[in-house]
Amino acid sequence: MFKFKIFTGSSNAATVETTPAAPTHGDDIQFENYPEEFRVQTKYVDNLSEAELKELNQILRWNCFTVDSKGRRFGQRARSGKRDTPQLVPDRRLKIFHDEFHLTGKHVLEVGCFEGVHTVGLCNRAAKVTAIDSRIENVVKTIVRASLFGCYPTVFKCDLDIPEDVKLLPTVDLLHHVGVLYHLVDPVAHIFDIARQVKEGMMLDTHVARQGEDKLSYEVRGKSYNYRNFKEGGKAEVFAGMGDHAKWLSIDTLLSVLGDAGFTQSRVLEERDERNGLRVLILTRRA
């Protein structure tokens with residue numbers, strides 16, 4: 001069983017236990033009859049025939065799936081034990097994001113859009129969504145999924161480790177930053193660079209180094225930062241960063257960098273023990 005702690009702003013923390021779903025096997029993952037709790041109205045998928053939806057699921061190399069209002073699978077699992085259960089729309093963290101920043105009428109930048117699941121949820125709340133990913137096939141899949149949900153974000157390829165790519169980013173009200181920072185070669189420079197594009201605040205969900213794990217250091221803008229070296233799979237591995245390694249910062253270092261970048265009001269809402277290490281959910285805003 002997995003355990004994670006949810007911090008509510010007080011000194012008390014609730015411990016929640018979750019049991020991972022039983023893995024599916026081979027290519028025989030079920031196509032239909034998913035429970036009501038996973039079903040979501042999918043504007044231009046709900047009326048597809050079974051044959052048409054199955055064809056859609058084979059056209060692109062999907063690595064996750066949602067379930068339409070009829071209980072049918074839209075997309076594919078990544079592999080046995082990896083993204084082999086339906087993705088919820090909206091994701092639970094979107095409610096946290098909306099409750100904190102009130103997305104209505106605002107422009108949100110989503111980094112690491114993957115295959116558009118979070119993108120759809122954001123489009124249903126915010127006035128405008130710009131979504132980016134470092135892999136062009138994820139850009140295409142996000143455009144396809146969002147369109148079939150009846151959503152039309154701006155989506156383009158952007159590698160956050162490449163300064164020239166970062167210059168393409170628009171100025172936005174809010175930043176949705178989930179599952180990306182712990183894949184970057186230079187997370188400190190990234191925070192400084194992307195902070196210039198964000199007027200109000202962000203939701204940041206990332207792995208961090210535990211106390212004592214950040215034994216290495218590197219320099220950014222004349223200041224030294226400790227980090228944990230984490231091996232990455234490179235471009236060929238869809239769930240990895242684009243480089244051969246990533247730098248994981250400790251919670252304290254991360255909060256310090258956010259403050260130096262102008263996000264001086266930060267709250268750590270969750271600390272979760274996951275398979276690859278400690279992960280946190282942070283809400284942070286400018287003063």
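Right, LEU48: aliphatic (A, V, I, L, M) and outside any loop (DSSP other than H, G, I, E, B) or not? No; evaluated as a whole, the condition is false for this residue.
Taking the listed residues SER266, SER256, SER217, the one that is among the small types (Gly, Ala, Ser) and either crowded, with 20+ Cβ neighbours inside 10 Å or under 17 Å from VAL178 (Cβ atoms) (or both) is SER266, with no other qualifying.
Quick one: is VAL198 in contact with a helix residue (DSSP H, G or I) (Cβ under 7 Å, 6 or more places away or on another chain), assigned by TED's automatic domain parsing to the domain that holds ILE132 and over 25 Å from ALA78 (Cβ atoms)? Don't jump to the end; show me each part of the working.
Working: in contact with a helix residue (DSSP H, G or I) (Cβ under 7 Å, 6 or more places away or on another chain): no; assigned by TED's automatic domain parsing to the domain that holds ILE132: yes; over 25 Å from ALA78 (Cβ atoms): yes.
Judged against the criteria, VAL198 is not a match.
Per the listing VAL140, VAL108, VAL120, VAL89, the residue uniquely β-branched (Val, Ile, Thr), closer than 16 Å to VAL40 by Cβ and out of contact with any Gly (no Cβ under 8 Å at 6 or more places or on another chain) is VAL120. For region 109-124, the condition of being surrounded by fewer than 18 Cβ atoms within 10 Å (Cβ to Cβ), at pLDDT 95 or above and at negative phi holds for at least one residue.
From the set of residues in region 62-75 that are over 18 Å from the mean Cα position of the chain (by Cα) and farther than 15 Å from ILE143 by Cβ, which is surrounded by the most Cβ atoms within 10 Å (Cβ to Cβ)? Break it down into steps so the answer makes sense when it comes.
Looking only at region 62-75, we keep the residues that are over 18 Å from the mean Cα position of the chain (by Cα), and these are 67-74.
Still in the running and farther than 15 Å from ILE143 by Cβ: 67-73.
Numbers: VAL67: 26, ASP68: 24, SER69: 14, LYS70: 17, GLY71: 16, ARG72: 23, ARG73: 22.
The qualifying residue surrounded by the most Cβ atoms within 10 Å (Cβ to Cβ) is VAL67.
Screening ASP165 against (1) within 18 Å of the chain's Cα centre (by Cα); (2) surrounded by fewer than 24 Cβ atoms within 10 Å (Cβ to Cβ) leaves a single unmet condition, (1). Kindly indicate the residue of region 168-191 that is of a type in the set (Val, Ile, Thr) and closer than 20 Å to GLU219 by Cβ and also surrounded by the fewest Cβ atoms within 10 Å (Cβ to Cβ) among those meeting that condition. Out of the qualifying residues, it is VAL185. Residues that are within 28 Å of ASP193 (Cα to Cα) number at least 2 in the following strands (runs of 3 or more DSSP E) confined to region 54-151: 107-111, 128-133.
Among the residues of region 32-48, are any modelled with pLDDT under 95, over 23 Å from VAL139 (Cβ atoms) and out of contact with any Lys or Arg (no Cβ under 6 Å at 6 or more places or on another chain)?
Of region 32-48, the ones modelled with pLDDT under 95 are none.
No: zero hits.
Here ASP252 meets the list (1) in contact with a Lys or Arg (Cβ under 8 Å, 6 or more places away or on another chain); (2) of a type in the set (Asp, Glu); (3) free of Cβ contacts under 8 Å to residues at least 60 places away in the same chain almost entirely, failing just condition (1).
The values are calculated or read from the model by the stated rules, or taken from the named source; none is laboratory data. It should be emphasised that the depicted structure is a prediction, and the values quoted were computed from it without experimental measurement. A quick note on method: Cβ atoms are made from the backbone with ideal geometry, for glycine too, and the neighbour counts reach across all protein chains shown.
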